[in-house]
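See below for the structure under consideration.
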């Protein structure tokens, strides 16, 4: 399972690296606090596959703590996406920085 630490993600975002990040939390959670990334709730992911980049592009998925993003990572990998990482510790870890 590929993981990105909160520190690494912050460094990459601060350096303005072009990243494709999916927040798989529910819309109401996203509305409360977010990183300004694409919001696709976990349950809606199958309907949005056509909106994702090519299957070999790096995709980082995150949720609040890491559980749902792990499920999203497994699902995307089964759909043929080869470079999917999760944010270790989720948004909780990122917000602690």
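The values are calculated or read from the model by the stated rules, or taken from the named source; none is laboratory data. Remember, it's a predicted structure, so these values are computed and weren't measured experimentally. Here the Cβ is made from the backbone with ideal geometry for all residues, glycine too, and neighbour counts use every protein chain on show.
Within region 40-52, residues that are touching a residue at least 12 places away in the same chain (Cβ under 8 Å) sit with their Cβ atoms under 8 Å from residues that are exposed (fewer than 14 other Cβ atoms within 10 Å of the Cβ) and in a helix (DSSP H, G or I), at 6+ positions apart or across chains, in these pairs: 40/48; 40/51; 41/27.
None of 57, 77, 38 is over 25 Å from residue 11 (Cα atoms), surrounded by fewer than 19 Cβ atoms within 10 Å (Cβ to Cβ) and either in contact with a strand residue (DSSP E or B) (Cβ under 6 Å, 6 or more places away or on another chain) or at pLDDT 95 or above (or both) except 77.
Taking residues in region 62-89 that are without any contact (Cβ under 8 Å) to a residue 40 or more places away in the chain and at positive phi, and partners anywhere that are crowded, with 19+ Cβ neighbours inside 10 Å and part of a helix (DSSP H, G or I), the pairs with Cβ atoms closer than 7 Å and at least 6 places apart or on different chains are 66/90.
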